[in-house]
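What follows is one structure encoded as structure tokens, with my remarks underneath.
The values are calculated or read from the model by the stated rules, or taken from the named source; none is laboratory data. This one's a predicted model, so the numbers in the text were calculated from it and none came from an experiment. Every residue, glycine among them, receives a Cβ derived from its backbone with ideal geometry; neighbour counts consider all protein chains shown. These area figures cover heavy atoms from the full protein model, side chains too; ligands, DNA and RNA do not enter into them. Shrake-Rupley method; radii C 1.70, N 1.55, O 1.52, S 1.80 Å.
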Amino acid sequence: MSDHAPALETSTGLDSRKLAIWTFIGSECLFFATLISNYLVHKQQWLTGPGPFPHEVWTDPATGKVLEPIIEIPLVTVGTALLLFSSLFIVLALYGAQKGRRGMLLGWLGATILCGLFFVGMQVYEFTHFVHKGLTLQRNMFGASFFVLTGFHGTHVTIGVIWLITMFILALRKQLPSTRSLNLEIAALYWHFVDVVWVVIFPVVYLIK
Amino acid sequence: MATTVLGHEQTLPAHGAKTGLWSWITTVDHKRIGILYGATAFFFFLLGGLEALLIRIQLAKPDNNFLSPEAYNQLFTMHGTSMIFLAIMPLSAMFFNFMIPLQIGARDVAFPRLNAFSYWVFLLGGLYLNVSWLFGAAPDAGWFGYANLTSKQFSPGLNVDFWVIGLQILGVSSLAAAVNFFTTVLNLRAPGMRLMWMPIFTWMSFITQILLLLAFPVITVALILLMFDRFFGTGFYVPAAGGDPLLWQHLFWIFGHPEVYILILPAFGIISEVLPVFSRKPLFGYAAMVFSGIFIAFLGFGVWSHHMFATGMGPIADTYFSLATMLIAIPTGVKIFNWLGTIWGGSLQYKTPLYFALGFIAMFIIGGLSGVMHASPPADLQQTDTYFIVAHFHYVMFGGSIFGLTAGAYYWWPKIFGRMLDEGLGKLHFWLMLIGFNLTFFPMHIVGLLGMPRRTYTYPAALGFDTLNLVETVGAFILMVAFLVFIYNVIKTTRGPRNAPADPWNGATLEWSIPSPPPEWNFGQTPQVHSRDPLWETKRARGGPLPEPSPGTGAGIHIPNPSYWPVVSAIGVTAIFASLMMAHKTGYWGVIVAVSILFFGLYNWLFEKGYSEFTTEH
Amino acid sequence: MHHRPAAARRPTGPVPLLLLLALALTGCGQDRYPQTALQPLSDFARIGDHIQDQTFYWALGVFILVEGALLYAIFRFRGRPDDPEPAQIHGNTTIEIIWTLIPALILAAIAVPTVKGIFETGMTPSGQLLKIEVIGHQWWWEFRYPEYNLTTANELHIPTGRTVELLQHSNDVVHSFWPPRIAGKRDVFPGRQTRLWFKADSAGLFPGQCAEFCGIQHARMAFQVRASSPEEFDAWVAHMRTLGPRPAAGAQAGDSLKTASAGGTVQGPQAPAQADTARPAADPEYAKGEQLFRAKGCIGCHSLQAVDAPHGLIGPNLANVGAREYIAAGWLKNTDENLEHWIREPQSLKKGVLMPNLGVTADEAKALRAYLRAHK
């Protein structure tokens, strides 16, 4: 995010920073693909170790205690929907930035941030709730794989939220004119990526039994 | 193309000091960063070489007690880790840094501060790995750290922690550099330089960046899972918890096999530059070289379990991986034949770079052939985990990568430093290295098939390994002398005058059109490219060699300012990982401080006042 | 100035010589190289060896041709700086196709026996297999014969002429079982079973080693495969089956074996075995050793009974340790001196081994050695 962004001729016609964020996103795809594969691999081990599990009831053979399935679909679905809408909101915010319409930019960017914050908050709540119900990192392979996968995704969302808040403050201080809208576009690309990853994680973890 | 000055741009005053330690710490100049990479990597290479010599002393005779088993296990682990991550990769990075912008006619890379950041993270990561020696806890589970030996239960000390954290730090460096060079090659080519006219070194390096981008995330995850097992009590690789050591092997080798192509492709690129220049004819089959490189890289992601033939994956998996591995031999063979086709019918100019390039071909053929021998699982069941494998990978990594990088060093030394390395000493270096190398590593083929497993701190006298091991140790010391000759050559040359011409070798590519060493802005005017081998075309059109280019004043050319925020950010990244390692002992406040340092560095980097990253055109 | 390349300008100079040396060595006696992979003595090992020979000869042929071409070019095309520019050839499609196809054909020629060999070695043969369990420990090998209810360690006794199937797993980290004369290696995992099969054709004592780095003493995790004729093997089995738990007071030796083979396993620390070989009960060293074996705590980690031996002990089974060729996991010659040294100070011989120095004096070591020596 430099002060001046001279319109350099590039061999591809794409701004180098935009090309770079796409490249980074490409690499991150492999990162999440590996984490998701790891999760899928450990799906097999769910029904052998100690519960709780996402979709299954589990009876402790030693005590006879019965553990309910731990996933609460409604809350996570709302968070997912908000995250998906936030991608739309940031597109609108970017449009506002590109057209120099600061009010539009601030409004929709603010909405994006609120959705992001809700999502992170939902994840924090969910994690805490799971731990109270006895599912920790160490408890079983589902716990370990779940927390690592969704935890790293959540970290990526958090970084995205911080990034967007920074853009918001810049916009407030009138430092995001239409000539510098590329900076927001790059943040938006990252944000869309984080959303797309969730679009894969949500069905894989929460919906598919 | 006329030189245009962008009217509203000021030519900024001297961008900080030009000399002195601070100018090196804050540099964002790709040429200086290249030299930093090279010097640092060479230091780690010597360290890795010392580790090897100690190993060879221990193995010179049976039942030796020169080294304790713990010391030996740390030494072989650090030797492998250092040579791969701290020597070969950053030596390649030295050439990516210095030569890619010059070869494509650019003033710098796409993101000069990110470039500096990559270097500082590499330096800190390398130091971090080696600081473990001071704790008496250098990594000791092998360079590929198989689970579940690396679990907390079986490796309770700090050794494996240092390894995991050190590699994660280095991964950040590699990933940042890969984004940078990928973007640079795609975006900053001089007008007229289409992809299929790029110098072949740039092409091979470009493919290497793609491999880095796709392979490093996988080992990052593998290491994260190991970190969680060791620090937070998960059981990803712990059988008793429902985990599986084999998961580590798969994840590691999905990274590990592309990694070996990361290690060799830059050398392939260098050889493909050197051979045409010193044969005075173009590279034979340029398109085949490009496409075979792409094919090797792509296929390289599909063969990883050929490292796992002894694990009993079953005949179907074994068959697939065996056939895929054999398939890779085809594009590799194509390259070797194309190199032969390049020198065939040429007018070979026997200078030192050519010696090393020819040595590369000779040694790489052997390494490639032993690789084909491993491709067959029933045979590999005897070969794997023995010195036969150690022979194979040293033939491709030393006989291949190191010979290639050395050829690059002699070839590009005048461009980088403005001085010609001594020819006589260069040839002495070559012969000592060739003889020492073969004496050290050829017998390993034999001793491996005679039953010597790898990673053993000693061996009994009764098995008949003695003589060959002694020969290998002698060879290692000859190698040491070879590198001493090189160091002497460097010192002697550096003391001499800085009088290398711009184009000492009658080169074909753009880097030879500017002074040796290049001025800070590289090209006074952005070159226009009309063909492959643009400099040969220009000289041909002119009917003879070009006059010595003048350095110019750089007036009207804007260069990115130096900056110390990359250093601060690099310290932040390292601190995050270091404090994570200590967190389960000291608490998490360290991590919070480290994250703050990183954010502070990044924030200032991104909002640096009056900073313009981009060089002006023309 | 014309630089004359040195006549010795052969970048592959030392290599052909070493290659010939290699060929010469491979023919050399297995006595000099007892652990060689190049003199297979089983059907399984021969499959891999045959394929390796084939790939080696193809590789040798390619090597001679390509390195030969390189050498030829190096001499033939050496130039002077003032030479005219050579023909600027960019490629030749026909040649490039040919030299892509020929390697492909050679690889296909290697692939066919390879795939055949993969399936042959990957499928356990049918028939009367002798199943033996191999359990890897840091840093020794446990061998169990479920068919005979026998346990031993570090020396794997097998019959020639009968297919053996090894069922392998590890007690701790990943190891690899490698008896080069008899078979290629197979990794040994905790939590999963791997298999290896072979039929040895000659008798003899063949060394092997762990081939997957497994910690500080990986280098000293060796074993021996003792292949003997079927008759000798049966005799050994019969003898080992007498090395059972101590019979109850008043019972015959035969009764105790019946009890054992009825399936009762004995848990906890073991009573010393009573073999039917005459114990020199009069030998005071033996008696002293017997007493020390308990007093020093050896009994907590080592079993002295081959029959019904407990699972999961930290130390190797010692029922026939007196007769083994090597101790300390297959590499230290089983002399009285070595055995005593091992008993007194295992850490000085194999640092990091899980057997601690137990503060055994020289005299005590003598007694323990005598006691163990009697366990054959």
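Of note:
- Unique residue being among the hydroxyl-bearing types (Ser, Thr, Tyr), touching a residue at least 60 places away in the same chain (Cβ under 8 Å), buried (at least 22 other Cβ atoms within 10 Å of the Cβ) and closer than 29 Å to C:Gly204 by Cα when the list is C:Tyr326, C:Tyr371: C:Tyr371
- Listing of helices (runs of 4 or more DSSP H) fully contained in region B:28-106 that carry 2 or more residues being open to solvent by 20 Å² or more (accessible area, probe 1.4 Å) and away from chain C (no Cβ under 14 Å): B:30-59, B:89-104
Okay, residues lined up against (1) more than 10 Å from every other protein chain (Cβ to nearest Cβ); (2) in contact (Cβ under 8 Å) with a residue 60 or more places away in the chain:
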{"site": "B:Glu423", "(1), (2)": "no, yes"}
{"site": "B:His445", "(1), (2)": "no, yes"}
{"site": "B:Leu449", "(1), (2)": "no, yes"}
{"site": "B:Pro453", "(1), (2)": "no, yes"}
{"site": "B:Pro460", "(1), (2)": "no, yes"}
{"site": "B:Asn469", "(1), (2)": "yes, yes"}
{"site": "B:Val474", "(1), (2)": "yes, no"}
{"site": "B:Phe483", "(1), (2)": "yes, yes"}
{"site": "B:Asn489", "(1), (2)": "yes, yes"}
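- Condition met for C:Ala227 (modelled with pLDDT of 95 or more and open to solvent by 10 Å² or more (accessible area, probe 1.4 Å)): no
- Flag for B:Gly587 being of a type outside the set (D, E, K, R) and either away from every other protein chain (no Cβ under 14 Å) or open to solvent by 50 Å² or more (accessible area, probe 1.4 Å) (or both): yes
- Taken across region A:109-128, residues that are away from every other protein chain (no Cβ under 14 Å), under 24 Å from B:Thr234 (Cβ atoms) and not in a helix (DSSP H, G or I) do not occur at all.
Every residue, every condition in (1) open to solvent by 10 Å² or more (accessible area, probe 1.4 Å); (2) of a type in the set (A, V, I, L, M); (3) in contact with an Asp or Glu (Cβ under 7 Å, 6 or more places away or on another chain), yes or no:
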residue: B:Val179; (1), (2), (3): yes, yes, no
residue: B:Gly192; (1), (2), (3): yes, no, no
residue: B:Leu195; (1), (2), (3): yes, yes, no
residue: B:Ala241; (1), (2), (3): yes, yes, no
residue: B:Gly256; (1), (2), (3): no, no, no
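- Selection within region B:347-362 - within 24 Å of B:Gly293 (Cα to Cα) and either within 7 Å of chain C (Cβ to nearest Cβ) or in contact with a strand residue (DSSP E or B) (Cβ under 7 Å, 6 or more places away or on another chain) (or both): B:Leu354, B:Leu358, B:Gly359, B:Ile361, B:Ala362
- There is no residue in region A:134-143 that is aliphatic (A, V, I, L, M), farther than 24 Å from A:Pro69 by Cβ and assigned to a helix (DSSP H, G or I).
- The numbered conditions (1) surrounded by 20 or more Cβ atoms within 10 Å (Cβ to Cβ); (2) modelled with pLDDT under 95; (3) of a type in the set (Gly, Ala, Ser) are all true for B:Gly552 except (1).
- Filter pass, B:Glu617 being open to solvent by 40 Å² or more (accessible area, probe 1.4 Å) and either within 14 Å of chain A (Cβ to nearest Cβ) or at pLDDT below 95 (or both): yes
- Every pair of residues 6+ apart whose Cβ atoms lie under 7 Å, when the first sits in region C:288-307 and is loosely packed, with under 15 Cβ neighbours inside 10 Å while the second is part of a loop (DSSP other than H, G, I, E, B): C:Gly297/C:Leu358; C:Gly300/C:Pro269
- Pair list, Cβ < 8 Å and 6+ apart or interchain, from region B:425-439 residues that are within 11 Å of chain C (Cβ to nearest Cβ) to residues that are assigned to a helix (DSSP H, G or I) and modelled with pLDDT under 95: B:Leu434/C:Pro14; B:Ile435/C:Pro14; B:Asn438/C:Pro14; B:Asn438/C:Val15; B:Asn438/C:Leu18; B:Leu439/C:Pro14
- Considering region C:47-94, and only residues there that are among the acidic types (Asp, Glu), over 30 Å from B:His392 (Cα atoms) and at the interface with chain B (Cβ under 7 Å from one of its Cβ atoms), the residue that is most open to solvent (accessible area, probe 1.4 Å) turns out to be C:Glu85.
- Sole exception among (1) at pLDDT below 95; (2) more than 8 Å from every other protein chain (Cβ to nearest Cβ); (3) not in a helix (DSSP H, G or I) for B:Tyr237, by number: (1)
- Any hit, region A:78-89, residues being of a type in the set (Phe, Trp, Tyr), modelled with pLDDT of 90 or more and under 18 Å from the mean Cα position of the chain (by Cα): yes
- Residue in region B:346-361 that is open to solvent by less than 10 Å² (accessible area, probe 1.4 Å) and among the charged types (D, E, K, R) present: no
- Within region B:378-391, being touching a His at 6+ places or on another chain (Cβ under 8 Å), within 8 Å of chain C (Cβ to nearest Cβ) and open to solvent by less than 10 Å² (accessible area, probe 1.4 Å) holds for B:Asp380, B:Gln383.
- Residues of region B:488-546 satisfying the condition of being closer than 11 Å to B:Leu102 by Cβ, assigned to a helix (DSSP H, G or I) and open to solvent by 20 Å² or more (accessible area, probe 1.4 Å): B:Ser513
- Looking across C:Glu147, C:Glu165, C:Glu133, one residue alone is open to solvent by 10 Å² or more (accessible area, probe 1.4 Å) and in a strand (DSSP E or B). It is C:Glu133.
- Selection count, region C:308-319, where residues are surrounded by 15 or more Cβ atoms within 10 Å (Cβ to Cβ) and either of a type in the set (S, T, N, Q) or in contact (Cβ under 8 Å) with a residue 24 or more places away in the chain (or both): 8
- For region C:95-108, residues that are under 37 Å from the mean Cα position of the chain (by Cα) and facing chain B (nearest Cβ under 7 Å) total 3.
- Taking the listed residues C:Gly161, C:Gly127, C:Gly136, the one that is touching a His at 6+ places or on another chain (Cβ under 8 Å), away from every other protein chain (no Cβ under 11 Å) and not acidic (Asp, Glu) is C:Gly136, with no other qualifying.
- Condition met for B:Ser401 (at pLDDT 95 or above, part of a helix (DSSP H, G or I) and either touching a strand residue (DSSP E or B) at 6+ places or on another chain (Cβ under 9 Å) or at the interface with another protein chain (Cβ under 8 Å from one of its Cβ atoms) (or both)): no
- Residue within region B:138-150 that is within 14 Å of chain A (Cβ to nearest Cβ) and in contact (Cβ under 8 Å) with a residue 24 or more places away in the chain present: yes
- Set B:Phe417, B:Phe437: member being surrounded by 24 or more Cβ atoms within 10 Å (Cβ to Cβ) and under 25 Å from the mean Cα position of the chain (by Cα): B:Phe437
- For region A:77-113, a residue qualifies if it is aliphatic (A, V, I, L, M), under 18 Å from A:Phe193 (Cα atoms) and open to solvent by 30 Å² or more (accessible area, probe 1.4 Å), and the qualifying residues are A:Ala81, A:Leu82, A:Leu84, A:Leu88, A:Val91, A:Leu92.
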